[in-house]
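Below is one structure, written out as structure tokens; comments come after it.
The values are calculated or read from the model by the stated rules, or taken from the named source; none is laboratory data. Quick caveat, the model's predicted, so the values are computed rather than measured. Cβ placement follows ideal geometry from the backbone for every residue including glycine, while neighbour counts extend to all protein chains displayed. Quick note on the areas: whole protein, heavy atoms, side chains included, nothing else; ligands and nucleic acids left out. Shrake-Rupley method; radii C 1.70, N 1.55, O 1.52, S 1.80 Å.
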Amino acid sequence: MNMALINFNGFRSHVYFFTNACRRGLSRSKTIASVKNPKAFVHTICCSDYTNRNARTLVPLLHRRYSISNAVVFYLQHNVTGCSVRHHGDTGSSFDQSQNAVDHIRFLEDLNKLSSCKQIFNLLASMEHMTGPMISAALLRIAHLETQDGVLLNPNDVFESAVFKSICVQLEEDSQKLSTTCLVNTLKGLVQLRVDPWSTLMVRLMSESQERVDNGEMNIQDLCILGESVLEIEGPGCAMVQPIIDQIQMKTVKEWTPEEIAMVYELLQAGLGERGQYQGLLNEMHKATISITSQLNPKLISSILSALVVLKQTQAHPLVIKLCKASVRYIPYFTDEELVKVLVALTNFEHSDRYFTEAFERHVSKMAFKMSPEVICSAMQYCSKKLILSTPIFDAVAESFVYNSEKFTTLQITQQIVPFGKLNYVPPNAASLFRKLEKILSSRFSQFQPRTLLNLLHSCTLLERFPVNFVAKIFNPYFLQQLQDHSGNLDKFVLSQLTQLFLTVTLECPFYEGPMLLNKYRLKTFSSAGHSLETPVDIPLYNRVKSGLVDLLGARMYFASHVLSPYCYTLDVEIKLDEEGFVLPAFHHEEVYKRIAVCIDGQKRFCFNSHHLIGKEYIKQRHLRLLGYDVVQIPFYEFDQLQNSEEIVEYLHNKIFPHKYRLNW
């Protein structure tokens, strides 16, 4: 026996090389085995004059997560009783295209009722004959049932089946007689089942597919299905990808059906559209999709929105708006998976729509107890990102949490509770909600990731729910070490949360006697770049208030702006008074009897389209009062109604000095 060892490391695409070699007449009697190593593919091709026609080698399941020890060798020496497989257009052969359409529809209905590959193989074995579409549909159904996160769950049940072996033999022998749609769907099913791409069967199917691409025989849908399979096998660097994209770009985008547009989006999403590639094609697709949004069904809407997120199409905001409007009427009809994609897209693009929110509120109120954890978490993230205080959604989620929390992961628990603190909302069932949360923390404390746990407990403090039983564990040096990043440092946002948690315990939990936060972990200010625990003051609003204060107090010297207090908080305006109530100059540090903290609250300090203060601003004002400040709030919705300087001065006097007569300067 002659042995040839060939290293194909220099070729751009290994599959491309093999498919062309196959087309040039590679002998069918050769068996191909492959071994993967991290740096290259090394293939050993064994050539022999002796060919055993009854022994075929098919090596399935060489997924990246599997070792080569999972390979299975099939000896196909038998036929399947009662299963006659016919060729397309050939009465006595394997695949028959002339089957009655009613039989095919009935087969698909029966197929969709089955829940395991064994049941599907029994159904196939009971058929008098099988058509190509039946085979491809069966393979796709098996892949759907038997794979999870790209891993085949029960490989032996699939690859040890006599029916599967018989199908593989016929597919290998008669790949040229398959219809194009059947060919690409069959290939897709085998790829999803993680059949070895170097097996003779897969090389033949790839070779036949490439030939039909080169001949221009594929429509948009076939090209997209084939493209996703090729990307799954070798990634965007595969040489076969470019001819597929070239064929797609040759077709006029305006003439594509909604289904074809969605499929091309999915193909680009699978890896081709990264780093801005094919942006010209995407721009054409955006324009075409805007004009047909009314024709899109829930599945297509969610698919396109998901692709826009993955492809980072930030300039496609007009399309996102149109898709959002189109999705309003479909909210009750989205599957949980589709609804998650829609919510993630709207959150990512930071777009909210009043009609969408109202329709979604009605849906959540009815379906919260039946929704998957992923949908509930996506709903809360959508509200949290845009600061949408939707009481119907929050109340429904709070009720669902009490009864369904056992189904949630620790991350999902945090994703549901944190928005309550962020938006400063205490639901009607707060007592049972936080009682349930405390039980979860007691029983599953060690399961929470450190930063996730800190986010959760910090959020509780915003709502005046103090996690005293767990603070000692948070301030523990070992836990603080777990919060550190790879370089051994704690980022400023984590330090801000720890400092505010310490301040909360000190001011509001005088009965706490556990360990305190070490000085080295305490910050001096909460107003840091990035994720600050304070919302910066609205500059135009501040300037108007400042002018009014000058008119009220008589000079700029009588108040200070952007004052960093000794307790980490930054005051928008500070006014000092002596014991008799007279205003002191801002630079005066002696005989200060009272300090007034003026909070100039712009729109960003409130929930969206409401007068409800967000959590981090509410705790700031709460703490300032406990620290001895007289807190005066100047909200935008009151100040914006003032028409002239006289009204502004009168308003500020009534707010800051409500019990004193105003002097005229």
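Points worth noting:
- Members of the range 235-255 that are open to solvent by less than 20 Å² (accessible area, probe 1.4 Å) and farther than 22 Å from Asp214 by Cβ: Val253
- Only listed residue being among the charged types (D, E, K, R) and within 21 Å of Gly235 (Cα to Cα), chosen from Glu338, Glu274: Glu274
- Among residues of the range 528-548 being surrounded by fewer than 17 Cβ atoms within 10 Å (Cβ to Cβ), within 25 Å of Leu423 (Cβ to Cβ) and of a type outside the set (Val, Ile, Thr), the one that is modelled with the highest pLDDT is Pro540.
- Residues in the range 485-496 that are closer than 22 Å to Arg622 by Cβ and open to solvent by 10 Å² or more (accessible area, probe 1.4 Å): Phe493, Leu495.
- Filtering the range 108-137 to residues that are in a helix (DSSP H, G or I), touching a Gly at 6+ places or on another chain (Cβ under 8 Å) and under 23 Å from Glu172 (Cβ atoms) leaves Ala125, Ser136.
- Output for the range 384-404, where each listed residue is open to solvent by less than 10 Å² (accessible area, probe 1.4 Å), more than 17 Å from Leu456 (Cβ to Cβ) and in contact with a Cys (Cβ under 9 Å, 6 or more places away or on another chain): Ser390, Ile393
- Selection count, the range 279-326, where residues are open to solvent by 10 Å² or more (accessible area, probe 1.4 Å) and more than 20 Å from Thr257 (Cβ to Cβ): 12
- Exactly one residue among Glu591, Glu580, Glu617 is farther than 22 Å from Pro658 by Cα, of a type in the set (Asp, Glu) and open to solvent by 80 Å² or more (accessible area, probe 1.4 Å), and that residue is Glu591.
- Only a single item in (1) assigned to a helix (DSSP H, G or I); (2) in contact (Cβ under 8 Å) with a residue 24 or more places away in the chain is not met by Glu650, and it is number (2).
- Those residues of the range 259-278 which are of a type outside the set (D, E, K, R), open to solvent by 20 Å² or more (accessible area, probe 1.4 Å) and either at pLDDT 90 or above or in contact with a Phe, Trp or Tyr (Cβ under 6 Å, 6 or more places away or on another chain) (or both), in sequence order: Met263, Gln269
- Of the residues making up the range 546-553, none is among the small types (Gly, Ala, Ser) and assigned to a loop (DSSP other than H, G, I, E, B).
- Scan of the range 358-372 for residues that are of a type in the set (S, T, N, Q) and either more than 20 Å from the chain's Cα centre (by Cα) or modelled with pLDDT of 95 or more (or both), ordered by number: Ser365
- For the range 503-514, the count of residues that are within 14 Å of Leu454 (Cα to Cα), of a type in the set (A, V, I, L, M) and surrounded by 17 or more Cβ atoms within 10 Å (Cβ to Cβ) is zero.
- Within the option set Ala125, Ala162, Ala137, being open to solvent by 10 Å² or more (accessible area, probe 1.4 Å), among the small types (Gly, Ala, Ser) and within 30 Å of Glu211 (Cβ to Cβ) holds for one residue only, Ala137.
- Residue check, Arg522 open to solvent by 20 Å² or more (accessible area, probe 1.4 Å) and modelled with pLDDT of 95 or more: no
- Within the range 145-264, helices (runs of 4 or more DSSP H) holding 2 or more residues that are over 23 Å from Tyr278 (Cα atoms): 155-159, 162-173, 180-192, 200-214
- Members of the range 620-639 that are more than 24 Å from Thr504 (Cα to Cα), open to solvent by 10 Å² or more (accessible area, probe 1.4 Å) and touching a residue at least 24 places away in the same chain (Cβ under 8 Å): Phe636, Tyr637
- Some residue of the range 457-478 being in contact (Cβ under 8 Å) with a residue 24 or more places away in the chain, on the phi < 0 side of the Ramachandran plot, open to solvent by 10 Å² or more (accessible area, probe 1.4 Å) and of a type in the set (Val, Ile, Thr): yes
- When residues of the range 405-418 are limited to those that are free of Cβ contacts under 8 Å to residues at least 40 places away in the same chain and part of a helix (DSSP H, G or I), the one surrounded by the most Cβ atoms within 10 Å (Cβ to Cβ): Gln415
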